[in-house]
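J.: Take this structure, written in structure tokens, and hold onto it; I'll ask about it next.
A short reminder: the numbers here are calculations on the coordinates, not readings from a lab. Just so you know, these numbers come straight off a predicted model, no measurement behind them. Every residue, glycine among them, receives a Cβ derived from its backbone with ideal geometry; neighbour counts consider all protein chains shown.
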Amino acid sequence: MTSSAYKNPIENIALKNTIPALEDGDRLTQSEFERRYDALPHLKKAELIAGIVYMASPLRIIQHGEPHGAIMTWLGIYKALTSGVQLGDNCTVRLDGDNEPQPDALLRIEVGGQSNISKDGYVSGAPELIAEVAASSVSIDMHDKLEVYRRNQVQEYIVWRFEDGELDWFRLTQGKYILLDSNLQGIIKSEVFPGLWLDKQALLAGNLTTVIEIVQQGLTTIEHQNFVQQLSDRKHTH
């Protein structure tokens, strides 16, 4: 079989032109979604949720860029001191045949977790934690995506509803998403990633210094040390 790399360049252009454009609201299979997405290298973000294509709107720095940066800073500190977990920023996740989201952030267990990395470099299966910054996308993030993530058993789902000044941290419990509550000190603690602590009010107020201090406290706990040891043991037994 002749590789397309050796075809006449004009033939290659003609072939590309036969692929329909990816449009917001298209109802597609996962394979067709990927085919059209791959044909648009300039396109930065498109998602397939329950078989429907969603195209990202232009993102504003105050409503999305800065909150997204804060979430990545917080998760990045945790990842830096937790060998055996992988942090992703806006990477495609193949959940199932009808769902291929591109979450703002994800945290996954590298060995022995729910997901794996496909041969072509994509996350396949449900990461343990997904976080979304929801401004214009809040209706999708709190309804369609929430249901898709629940059904695919994403264990923890964080939605920062920027316009509402609120953050919801859901934990999958007996097939349902239950909100995790802050303790008396105002801290929410992950049940999947020991030591991943969050001062919600500090994050919402833009006080990143306190957010960093609190997650660093979580990283000094015996629970976190035991978790890191468990991840290390898994890695050496595979």
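J.: Taking a ≥ b ≥ c as the square roots of the eigenvalues of the Cα gyration tensor of the range 94-217, is the shape rounded (a/c under 1.5), prolate (a/b larger than b/c) or oblate?
T.: Taking the square roots of the gyration eigenvalues as a ≥ b ≥ c, the range 94-217 is prolate.
J.: Counting only DSSP beta bridges with both residues in the range 61-237, tell me the antiparallel percent, nearest 5.
T.: So the antiparallel bridges amount to about 75 percent of the total.
J.: Across the range 146-151, in residue order, what do the Karplus-derived ³J(HN,Hα) couplings come to in whole Hz, using 6.51 cos²θ - 1.76 cosθ + 1.60 with θ = phi - 60° and x for Gly and Pro?
T.: Calculated HN-Hα couplings, in order: 4, 5, 5, 5, 4, 5 Hz.
J.: Using θ = phi - 60° and the Karplus relation 6.51 cos²θ - 1.76 cosθ + 1.60, list the HN-Hα couplings for the range 81-97 in order, rounded to whole Hz, with x at every Gly or Pro.
T.: 10, 10, 5, x, 10, 10, 10, x, 10, 6, 9, 5, 10, 8, 7, 7, x
J.: What net charge do the residues around ASP199 carry, taking every other residue with its C-beta under 15 Å from that of ASP199, with Lys and Arg at +1 and Asp and Glu at -1?
T.: -1
J.: Find the relative contact order for the range 100-154 and round it to a whole percent, using C-alpha pairs within less than 8 Å whose residues are 6+ positions apart.
T.: 33
J.: Taking the chain on its own, what percent of its Cα-Cα pair distances exceed 23 Å?
T.: 53
J.: Can you give the calculated 222 nm mean residue ellipticity of the chain, where each DSSP H run of n ≥ 4 adds -39,500 (n - 2.57) and the sum is split over every residue, rounded to the nearest 500 deg cm²/dmol?
T.: Mean residue ellipticity, 222 nm, calculated: -9000 deg cm²/dmol.
J.: Can you give the local net charge around TYR149? Use residues other than it whose beta-carbon is closer than 10 angstrom to its beta-carbon, Lys and Arg +1, Asp and Glu -1.
T.: -2
J.: Dipole magnitude of the range 61-237 about its Cα centre, charges +1 at Lys/Arg Cβ and -1 at Asp/Glu Cβ only, in debye to the nearest 20?
T.: 520
J.: Tell me the relative contact order for the chain as a rounded percent, counting alpha carbon contacts under 8 Å between residues six or more apart.
T.: 14
J.: Residues with amide H under 5 Å of ILE49's amide H, sequence separation 5 or more or different chain, H placed in the peptide plane at 1.01 Å from N; which?
T.: Residues meeting the amide H criterion: TYR54, GLU100.
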